[in-house]
Amino acid sequence: MAEETIVLRVQRYRPEQDSDPYFQDYEVPYRKDWVVLDALNWIKEYKDGTLSFRWSCRMGVCGSCGMMVNGRPRLTCNTFLREFYPNPITVEPLVNFDIERDLVICMDTFLEKLKKVKPWIIRREVKSPEEGPYNQTPAQLYRYKQFSMCINCMLCYAACPVVGMHPEFLGPAALALGVRYLLDSRDQGWNERMEEVGSHEGVWGCTFVGECSEVCPKHVDPAAAIQQGKVLATLDWFKRWLMPWGQK
Amino acid sequence: MAELLKHDVVIVGGGAAGLRAAIAVAERNPSLSVAVVSKIYPMRSHTVSAEGGAAAVIKGNDSREHHIYDTISGADWLADQNAVELFVDEAPRELTLLEHWGCPWSREPDGSIAVRPFGGMKIERTWFAADKTGFHMLHTLYQTALKYVPITWYDEWFATKLLLDKDRCYGVVAIELRTGAIRGIVGKAVILCTGGAGRVYPFTTNAITKTGDGMALAFRAGVPLKDMEFVQYHPTGLPGTGILITEAARGEGGILVNKDGYRYLQDYGLGKPLDVHDPRHPVKRTMELGPRDKLSQAFVMEMRKGRTLKGPYGDYVLLDIRHLGEKKIDEKLPFVRELARNYAGIDPVYEPIPVRPVVHYMMGGVHTDVDGKTPLPGLYAAGECACVSINGANRLGSNSLTECLVFGARAGHHAAEYVGSAPDPDSSALEQQVRDEADRIRKQFLERTEGERLVSIRKDMQNAMEEGCGIYRTEQSVQAALNKVEECRERFQRVVLDDHTNSFNTELIAALELECMLDVARALCQAALERRESRGAHQREDYPARDDEKFLKHSLAYRTADGVKIEWLDVVITKWPPAERKYGADSGLPSEGGNKS
Ligand SMILES: Cc1cc2nc3c(=O)[nH]c(=O)nc-3n(C[C@H](O)[C@H](O)[C@H](O)COP(=O)(O)OP(=O)(O)OC[C@H]3O[C@@H](n4cnc5c(N)ncnc54)[C@H](O)[C@@H]3O)c2cc1C
Ligand code: SF4
Ligand code: FES
């Protein structure tokens with residue numbers, strides 16, 4: 001009996017030899033319990049070792065393996081072949097990023113954006129560890145918890161039309177993280193952080209398309225974070241300009 | 001040739017241990033320049049996958065004595081007791097620091113830290129952030145580390161070799177993945193934080209990136225690897241992928257049953273089961289909350305009795321959490337539900353989860369003291385790649401995340417002190433080593449056009465290790481594995497790559513990783529061969545008893561011109577003389593020794 005197979009159309013680009021990206025077809029064994037990443041690994045191991053892509057955990061938590069699968073940003077380690085079989089599957093690097101090689105995108109701009117929102121606790125007076133943990137009730141934790149679940153997989157940047165048009169827009173994941181710290185009861189960095197989060201490149205850059213939350217594999221709901229960020233930024237504006245005595 | 005990239009401290013690895021070490025150096029002496037070299041972006045490190053939690057004494061009903069005793073008895077008395085005492089004493093401070101840095105620890109209604117029980121513990125002391133503890137710890141550490149200006153990030157740089165001069169370590173040779181450039185990254189101290197080596201085996205909870213690189217780099221530089229024969233199998237991995245179902249599933253009350261629905265652990269000296277609805281269930285250090293080595297061994301025994309189930313990926317048993325109900329599962333174990341649905345195709349709210357023991361953790365690693373120092377001046381190690389040892393023959397679950405913090409910090413502090421006193425290296429000697437390494441890589445991997453593909457060598461090594469150096473071992477089985485590993489090393493000399501380009505050559509990286517794994521496997525086999533006793537995770541069917549007379553000692557594996565040589569080092573015993581490990585009804589603290597002072 002002939003083995004069942006499926007075709008992967010994979011975008012290739014090797015900067016040392018290719019002037020433009022092109023597509024290469026690979027026929028791979030079809031298994032119901034295989035994810036797209038398994039198929040890519042099979043190609044790499046048995047057919048063509050020159051195909052490059054990132055992966056590590058293979059369990060949807062390290063954020064390495066995001067790619068465009070049939071035109072949608074997906075984590076390839078939890079996208080099953082069975083969703084597409086018997087039709088061919090097109091695999092491309094995430095859009096809205098420069099390509100380093102094949103399916104590997106350049107992360108530099110994101111890392112700069114991440115740093116801009118100051119994703120660390122800022123305190124005016126620091127407690128020593130000997131004084132023990134800060135108190136934080138489950139309700140206080142709940143306020144920001146969802147926005148702390150981001151794995152930096154970049155799917156939302158590939159889905160966001162604003163990122164595509166305005167590369168300087170901080171983007172869904174970085175903003176969600178900024179809002180996460182704004183909402184953390186332990187944080188006192190409101191003013192410093194608001195400068196970036198509440199700017200034109202920040203929450204006000206978002207035109208509320210909502211695609212980011214659609215594609216997010218971790219249900220971070222960055223669109224909701226940005227909406228909350230807008231509310232906080234407006235509050236901030238009122239505090240600063242209308243009632244300067246009310247600033248914290 | 002490109003210039004050396006100069007720093008004061010070079011840290012290899014951006015997981016929990018590496019990031020904690022980087023922050024420690026930056027805080028101890030802000031004038032020092034720190035390089036963090038990581039083959040994947042730090043937030044991708046496999047610390048990210050740790051689910052269950054991190055141990056530290058914080059509750060009034062717990063005590064340092066209990067944590068120490070659980071760790072030492074869990075380790076089957078092979079842990080150094082001075083190291084364990086220090087670890088337990090510093091653990092609460094480290095987890096508190098992480099709290100101050102923003103880690104979203106789960107909380108009690110009053111806002112204090114919540115804790116849960118883990119296998120092998122007398123009292124619950126595991127701090128957790130739902131069931132994504134490692135993820136939250138790693139991202140908290142990474143985001144916090146971003147604020148330190150003296151840290152330079154070498155993201156996606158792969159270290160291939162240690163730079164040495166006059167018997168001291170002065171940095172690493174590393175490949176920048178994006179360009180393929182091979183450069184020397186120099187500092188007066190190097191801290192290896194490269195994580196474990198689970199990928200030496202075919203079924204593992206470990207990511208593809210856990211290939212023992214740091215262990216191999218140190219081993220090649222003449223530094224011994226300690227206690228490599230102790231490999232922890234986790235009793236509940238998913239068949240096939242090896243993806244972990246956290247111990248927290250059992251901590252919350254999940255049970256293990258065989259093909260007849262029988263809670264088979266009761267047959268293996270782990271106590272008697274209570275009904276799942278009994279308010280006293282689950283009982284600590286009993287049944288499903290016994291230690292990992294015993295649970296994995298019980299599985300093999302059940303398999304031999306023909307009482308396991310059979311599936312496409314071999315034998316398995318069932319982990320049942322249905323009685324917890326959907327609400328509790330979603331609240332306490334959401335990731336377990338997500339993983340089981342995605343990768344086992346079942347919803348644990350309605351069906352039990354198929355599981356089997358899979359390789360999880362290396363108790364062994366680069367030989368260090370309690371300050372992370374190795375015998376090679378200038379070289380430090382911390383985290384899973386190191387062996388201090390607090391884990392002995394069997395690591396207590398949820399100690400290793402804490403270990404990364406405690407010993408990452410200590411190594412960072414000591415390295416920061418050391419660089420003040422270390423002499424300057426001879427730069428031209430280091431440059432020569434970089435050139436030699438670049439030549440070697442080009443000739444051995446990028447220019448060869450004929451030979452054997454990587455994958456067959458890797459699979460042969462992995463299968464040999466599982467067969468010969470698995471949960472149960474004999475002289476013959478280990479020798480067979482070692483012979484196979486030596487054969488694979490031979491074949492590796494003729495490995496051929498498809499990819500001969502420079503930019504983001506992931507096939508080259510896979511080859512260098514396999515080369516590291518072959519060295520690790522070799523040391524592991526030799527140590528397993530020469531430890532002629534059974535202790536913790538090392539079970540020799542030809543020597544079924546623990547032998548404190550001869551083997552209350554750490555093994556040290558050295559690489560020499562004629563093979564791996566094993567030396568032995570006494571275990572440090574302070575207050576807890578070796579005793580029998582007991583679980584089930586008569587478990588707990590002994591009447592003398594442990595619970596004094
Ligand atoms: C699925 C799973 C669940 C776990 N759950 C728990 C738990 O609940 N509690 C607990 O205490 N422990 C748990 N553990 C164990 C614990 O997570 C690990 O021991 C710990 O995270 C290891 O951290 P590390 O910093 O030593 O290494 P890692 O996090 O593995 O990081 C290694 C780093 O080294 C870098 N690196 C490696 N080689 C090179 C090279 N050649 N060049 C450059 N960089 C390199 C990598 O890029 C990476 O940044 C779990 C482990 C697994 C696999
Ligand atoms: S917000 Fe969601 S989609 Fe965006 S990077 Fe984070 S996890 Fe990925
Ligand atoms: S490989 Fe880690 S998220 Fe897919």
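Values quoted throughout were computed directly from the atomic coordinates according to the rules given, and no laboratory measurement underlies them. Computed from a predicted model, the values in this text were never measured in an experiment. No Cβ is skipped: glycine too gets one built from the backbone with ideal geometry, and neighbour counts run over all protein chains shown.
Residue farthest toward the positive end of the dipole of the stretch A:1-69, with Cβ of Lys/Arg at +1 and Asp/Glu at -1: which of A:Y46, A:M67, A:V28? Value computed over the given set: A:M67.
Run down the lysines and flag those whose C-alpha is under 17 Å from the C-alpha of A:K145, throwing out any fewer than 8 positions away in its chain. Partners within reach: A:K218, B:K132, B:K332.
Charge dipole of chain B (Cα centre as origin; +1 on each Lys and Arg Cβ, -1 on each Asp and Glu Cβ, all else neutral): 580 debye, rounded to the nearest 20.
Between B:W568 and B:D439, the contour length at 0.36 nm per residue exceeds the alpha carbon distance by 42.7 nm. Taking the longest Cα principal axis of chain B as reference, the axis of helix B:454-468 is set at about 40 degrees. Can you list the residues of the stretch A:158-202 with backbone N under 17 Å from a point 7 Å past the Cα of A:L111, pointing along Cα to Cβ? Zone members listed by number: A:174. For B:Y350 and B:T152, the difference between the fully extended length at 0.36 nm per residue and the C-alpha to C-alpha distance is 66.4 nm.
Under the criterion of Cα pairs below 8 Å and six or more residues apart, the relative contact order for the stretch A:108-246 equals 30 percent. Rounded to the nearest 0.05, the FRET efficiency derived from the C-beta distance between B:T474 and A:K47 at R0 = 41 Å is 0.55.
Considering only alpha-carbon pairs that sit under 8 angstrom and 6 or more positions apart, the relative contact order computed for the stretch B:238-357 is 31 percent. Beta bridges per DSSP, both residues in chain B: antiparallel share near 65 percent. With a simple spin-label model that places each label point 7 Å from the Cα along the Cα-to-Cβ direction, the separation between A:F23 and B:D498 comes to 1.9 nm. Normalised by the number of residues in chain B, the average gap of Cα pairs under 8 Å and 6 or more apart makes the relative contact order 22 percent. Per residue, the Cα convex hull of the stretch B:432-553 amounts to 121 Å³. Using the rule -39500 (n - 2.57) for each DSSP H run of four or more residues, divided by the residues of the protein assembly as shown, the 222 nm mean residue ellipticity is -9500 deg cm²/dmol.
Magnitude of the charge dipole for the stretch B:341-397, about its Cα centre and with charges confined to Cβ atoms of Lys, Arg (+1) and Asp, Glu (-1), is about 80 debye. Rg/Rh for the stretch B:305-413 stands at 1.15; both radii use Cα atoms, and Rh follows the Kirkwood definition. Hey, if you put +1 on the Cβ of every Lys and Arg and -1 on every Asp and Glu Cβ in the stretch A:135-248, which of A:V203, A:T234, A:L155 ends up farthest toward the positive end of that dipole? The listed residue farthest towards the positive side: A:T234. Centre-to-centre, using Cα atoms only, the stretch A:102-181 and the stretch B:67-135 are separated by 26 Å. Taking every alpha-carbon pair in the stretch B:262-368 and binning the separations at 5 Å intervals from zero gives 2, 10, 17, 20, 21, 17, 7, 3, 2, 0 percent. Among the trypsin sites (Lys or Arg not before Pro) within the stretch A:1-107, those in coil by DSSP and having at most 10 neighbouring Cβ atoms inside 10 Å are A:K32.
Rg over Rh for chain B works out to 0.95, both radii taken from alpha-carbon positions and Rh defined as the Kirkwood radius. In the stretch B:488-513, which residues have a backbone nitrogen under 13 Å from the label point lying 7 Å from B:D460's Cα in the Cα-to-Cβ direction? Within reach of a label on B:D460, which here means backbone N under 13 Å from a point 7 Å along Cα→Cβ, the stretch B:488-513 contributes B:488-496. What FRET efficiency, computed as 1/(1 + (r/R0)^6) with R0 = 41 Å and r the Cβ-Cβ distance, is obtained for A:W237 and A:V95, rounded to the nearest 0.05? Using R0 = 41 Å, I get an efficiency of 0.75. Taking 0.890 mPa s as the viscosity and 25 °C as the temperature, the Stokes-Einstein diffusion coefficient of the stretch A:5-105 based on its alpha-carbon Kirkwood radius rounds to 182 µm²/s.
Calculated translational diffusion coefficient of the protein assembly as shown (37 °C, 0.692 mPa s; Stokes-Einstein with Kirkwood radius over alpha-carbon pairs) equals 120 µm²/s. Once the Cα-Cα distance is subtracted from the 0.36 nm per residue extended length, the B:S421 to B:A561 segment shows a gain of 47.1 nm. DSSP bridge analysis restricted to the protein assembly as shown gives an antiparallel fraction near 70%, rounded to the nearest 5. Rg over Rh for the stretch A:108-246 works out to 0.98, using Cα positions for both radii and the Kirkwood form for Rh. Only lysines eight or more places from A:K47 in sequence, or on another chain, were considered; those with a Cα closer than 26 Å are A:K32, B:K39, B:K210, B:K443, B:K459, B:K484.
Taken about its Cα centre, the protein assembly as shown carries a charge dipole of roughly 1280 debye when the Cβ of each Lys and Arg holds +1 and the Cβ of each Asp and Glu holds -1.
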